[in-house]
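Structure first, then comments.
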Amino acid sequence: MFNVLSELEKFRAEDIPYSRVLSSMCTTPLPIALKAHELFIETNLGDPGIFAGTWKLEQKLIKMLGELLHNPNAKGYICSGGTEANIQAIRAARNVIRRERKIDRPNIVVPESAHFSFEKIGDILGVEVRRAKLDEEFKVDVASVESLVDENTVGIAGIAGTTELGQIDPIDELSKLALQLGVPLHVDAAFGGFVIPFMNKPYPFDFELEGVTSITIDPHKMGMATIPAGGILFRDEKFLNALIVETPYLTSRYQYTLTGTRPGTGVASAYAVLKHLGYKGMKQIVDECMRMTALLVEEMTSLGFEPVIEPVMNVVCFKTEKAEKIKEELYRRRWVISTIKNPRAIRLVVMPHVTEEVVKGFISELKSVLRSV
Ligand SMILES: Cc1ncc(COP(=O)(O)O)c(C=O)c1O
């Protein structure tokens with residue numbers, strides 16, 4: 001008899017396990033997240049009257065995330081990921097500003113280091129995306145941001161945990177600038193949102209800074225929830241309300257989400273992880289990721305590599321002209337890393353699945369690769 005499950009298993013076996021992946025910002029979900037996911041597998045938050053319990057849970061989770069980000073009154077929802085969260089943040093900012101004043105051709109100012117989701121935003125929302133320069137530490141240059149802002153600017157953005165280098169922009173300075181110019185400030189903490197609050201050194205990046213209007217924070221990255229689970233939070237409900245459309249045939253009267261049908265699994269799994277680990281447990285995981293990052297730096301330095309910047313969080317890049325070759329050869333051996341172009345470097349993301357054993361295995365494979373490239 002034809003067995004579809006064994007067919008599925010064959011496809012799945014072709015995937016590379018996370019234990020050989022040092023390029024992704026996603027990771028193996030915690031076991032408690034998987035249990036929660038299963039329990040909510042058929043839920044649809046697009047119809048909250050039917051899934052009233054799931055909807056209540058989402059409100060609780062948003063409050064928890066708000067508390068983590070210094071604003072228990074923040075409003076938002078759990079979405080498909082950082083891309084959707086960023087789209088919605090900029091869409092809301094554009095709509096709010098457009099209501100307040102006449103805008104001919106809206107633009108936003110983002111760091112050169114911003115994630116490629118901002119390219120999509122420009123295209124989808126019809127806003128011009130202006131890229132501000134970075135300083136020598138790869139943080140956005142606030143003077144460059146200021147110089148790009150004009151009367152058509154509907155928002156500026158800062159990144160708390162850049163995709164390539166894990167750098168944190170000077171969000172406090174951007175916040176001051178945003179208040180001074182009267183423009184919304186979106187903070188993309190898709191990755192850093194579940195790292196920075198647990199780090200030993202404080203980096204102000206969230207709603208404690210008065211100018212911060214919205215924050216992207218993704219449970220399916222360092223929040224160890226199941227995919228898909230992104231998060232978008234607004235300081236002020238008027239931004240969420242600026243996204244509303246009517247939903248005549250559903251159990252709700254209106255919707256502020258981008259997608260219609262949307263899973264409750266991300267809500268349940270993210271909630272389960274946070275409740276299960278608590279602040280202390282999350283901190284232990286972040287501490288361990290930082291310890292593994294330091295170990296990687298030590299091992300890589302002894303192989304002659306130099307980091308592009310001293311790692312700020314659990315992402316680290318090492319300069320090499322052979323970056324592409326190394327990446328390709330590792331991939332042939334079923335190890336996955338990524339590269340950056342400026343400067344040419346290999347990029348390693350040290351997620352919770354990157355244990356000491358993984359680091360040792362990776363370094364040993366890399367040594368062999370270096371002999372062949
Ligand atoms: C800083 C940042 N923002 C946004 C995103 C996009 O997130 P997603 O892939 O969940 O849409 C990423 C992805 O890595 C990211 O690093």
(request) Determine whether segment 247-263 contains at least one residue that is among the β-branched types (Val, Ile, Thr), outside any loop (DSSP other than H, G, I, E, B) and at negative phi. (result) no
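If I go through segment 79-110 residue by residue, how many of them are β-branched (Val, Ile, Thr) and either modelled with pLDDT under 95 or more than 15 Å from the ligand (Cβ to nearest atom) (or both)?
Going through segment 79-110 one residue at a time, the tally reaches 4.
This table checks each residue for (1) among the aromatic types (Phe, Trp, Tyr); (2) part of a loop (DSSP other than H, G, I, E, B); (3) in contact (Cβ under 8 Å) with a residue 60 or more places away in the chain; (4) surrounded by 24 or more Cβ atoms within 10 Å (Cβ to Cβ).
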| residue | (1), (2), (3), (4) |
| --- | --- |
| Glu164 | no, yes, yes, no |
| Asp172 | no, no, no, no |
| Lys176 | no, no, no, no |
| Leu179 | no, no, no, no |
| Val183 | no, yes, yes, no |
| His186 | no, no, yes, yes |
| Ala190 | no, yes, yes, yes |
| Lys201 | no, yes, no, no |
| Phe205 | yes, yes, no, yes |
(request) Hey, can you tell me all the residues within segment 173-190 that are in contact with a helix residue (DSSP H, G or I) (Cβ under 8 Å, 6 or more places away or on another chain) and either within 12 Å of the ligand (Cβ to nearest atom) or among the hydroxyl-bearing types (Ser, Thr, Tyr) (or both)? (result) His186, Val187, Asp188, Ala189, Ala190
(request) Scan (1) part of a helix (DSSP H, G or I); (2) within 10 Å of the ligand (Cβ to nearest atom) for the single condition His115 breaks and write down its number. (result) (1)
(request) Kindly check whether there is at least one residue in segment 63-78 that is within 11 Å of the ligand (Cβ to nearest atom) and either under 21 Å from Leu174 (Cβ atoms) or assigned to a loop (DSSP other than H, G, I, E, B) (or both). (result) no
(message) Going through Ser302, Ser368, Ser372, Ser338 one at a time, which residue ends up being polar (S, T, N, Q) and in contact (Cβ under 8 Å) with a residue 60 or more places away in the chain?
(response) Ser338
(request) Go through (1) more than 15 Å from Ala242 (Cβ to Cβ); (2) surrounded by fewer than 24 Cβ atoms within 10 Å (Cβ to Cβ) one by one and return the number of the condition Ile87 breaks. (result) (1)
(message) I need the full set of residues from segment 4-51 which are surrounded by fewer than 14 Cβ atoms within 10 Å (Cβ to Cβ), in a loop (DSSP other than H, G, I, E, B) and not assigned by TED's automatic domain parsing to the domain that holds Gly82, in order please.
(response) Glu14, Asp15, Ile16, Pro17
(request) From the list Thr257, Thr216, Thr251, pick out the single residue that is within 16 Å of the ligand (Cβ to nearest atom), out of contact with any helix residue (DSSP H, G or I) (no Cβ under 6 Å at 6 or more places or on another chain) and in contact (Cβ under 8 Å) with a residue 24 or more places away in the chain. (result) Thr257
(request) Might you check whether a residue that is in a helix (DSSP H, G or I), touching a residue at least 24 places away in the same chain (Cβ under 8 Å) and within 20 Å of Gly223 (Cα to Cα) occurs anywhere in segment 134-147? (result) no
(message) Restricting to segment 219-241, count the residues that are closer than 24 Å to Lys176 by Cα and more than 13 Å from the ligand (Cβ to nearest atom).
(response) 8
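The values are calculated or read from the model by the stated rules, or taken from the named source; none is laboratory data. What you see is a predicted model; the values in this text were computed from it and never measured. Cβ atoms come from the backbone with ideal geometry, glycine included; neighbour counts cover every protein chain shown.
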